[in-house]
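Enquirer: Take this structure first; my questions come after.
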Amino acid sequence: MAAAVAGARRRAAAFLLSSAVRHQSSQSTSLQQGLVAKTSLTSPPWPEVKLPDPVEEAKYHAEVVQKVNKMIATGQYGRLFAVVHFASKQWKITGEDLIMMDNVLEAECGDRIRMEKVLLVGADDFTLIGRPLLGKDLVRVEATVIEKTESWPKINMRFRKRHNYQRKKIIVNPQTVLRINTIEIFPCLS
């Protein structure tokens, strides 16, 4: 019986102690309401980025556009490259490149065609990126159809052993070879 009374006293003392600690901790947090501890979750892990001043950014943009227009007008840009969208693919091309595509073009051999979907044009010192395409008045990419031919035969063979099942299919795709004649750029950036 004495052990039961001692256990009850211990439980009562522990309860009073925990409620006193709880009351004291609630008072301390109410005093420091505005203070938040610095942890890894209170701020993002990347450094804070300051956005540039719009006036300075517009001035810098005008400077760069003027510089690029001057380079294009004087022709001091070196060899041009372009990324064009043609025949459902994107091609990185320069002058005098050969492109082999796996499809039929309506143009005949020797015809000159103009590639109008130009995504990007670049040189040594600058790159012009379209959103999504560059204007037709800014870039001109011309190509010549060199050859229209067929691919090597590809054999598609299906076979099941012990079932007397063999199917053989020979696949030949039409191909077109283009030569990139010129990539021209005009100084009309704004």
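The values are calculated or read from the model by the stated rules, or taken from the named source; none is laboratory data. From a predicted model like this one, the values you see are computed outputs, not experimental measurements. As a convention, Cβ positions derive from the backbone with ideal geometry for all residues, glycine included, and neighbour counts pool all protein chains shown. When the accessible area is computed, the model is the full protein with side chains, heavy atoms only, and any ligands, DNA or RNA have been set aside. Shrake-Rupley method; radii C 1.70, N 1.55, O 1.52, S 1.80 Å.
Enquirer: Does region 40-190 come out rounded, prolate or oblate by the C-alpha gyration tensor, with a ≥ b ≥ c the root eigenvalues, rounded set by a/c under 1.5 and, if not, prolate when a/b is larger than b/c and oblate if not?
Expert: oblate
Enquirer: Please work out how much accessible surface Arg114 shows to a 1.4 Å probe, ignoring ligands, DNA and RNA, in Å² rounded to 10.
Expert: Roll a 1.4 Å probe over it and Arg114 shows about 80 Å².
Enquirer: How high is the relative contact order of region 65-150, given as a whole-number percent (alpha carbon pairs under 8 Å, six or more residues apart)?
Expert: Numbers: 115 pairs, mean separation 25.4, N = 86.
Computed value for region 65-150: 30 percent relative contact order.
Enquirer: Here's something else I'd like to know. Of the listed pairs Lys70/Lys136; Lys89/Lys117; Lys67/Lys89, which have alpha-carbon separations greater than 22 Å here? Write down the numbers at each step before the final one.
Expert: Numbers: Lys70/Lys136 20 Å; Lys89/Lys117 11 Å; Lys67/Lys89 32 Å.
Those over the limit are Lys67/Lys89.
Enquirer: So for Tyr77, Tyr165, Tyr60, what's the accessible-area order with a 1.4 Å probe, most first?
Expert: On the way: Tyr77 45, Tyr165 65, Tyr60 145 Å².
In descending accessible area the options line up as Tyr60, Tyr165, Tyr77.
Enquirer: While we're looking at this one, here's another question. Using the charge dipole of region 101-143 (Lys, Arg: +1 at Cβ; Asp, Glu: -1 at Cβ; taken about the Cα centre), state which of Ile113, Ile129, Val141 has its Cα farthest towards the positive end.
Expert: Ranked along the dipole, the leading option is Ile129.
Enquirer: Heads up, I need the accessible area for Met100: 1.4 angstrom probe, whole protein in place, Å², nearest 10.
Expert: Approximately 100 Å² for this residue.
Enquirer: Provide the net charge surrounding Lys168, with neighbours chosen by a C-beta distance below 13 Å and charges set as Lys +1, Arg +1, Asp -1, Glu -1.
Expert: Net of charged neighbours comes to +4.
Enquirer: I'd like the Karplus ³J(HN,Hα) series for region 173-187: coefficients 6.51, -1.76, 1.60, θ = phi - 60°, whole numbers in Hz, and an x wherever there's a Gly or Pro.
Expert: 9, x, 10, 10, 10, 10, 10, 7, 7, 9, 10, 10, 10, 10, x
Enquirer: Suppose each label sits 7 Å from its Cα in the direction of the beta carbon; what would the Ile146-Glu63 distance come out to in nanometres?
Expert: 4.4 nm
Enquirer: Counting only the heavy atoms of the protein chains, how much of Thr149 is accessible to a 1.4 Å probe, in Å² to the nearest 10?
Expert: 50 Å²
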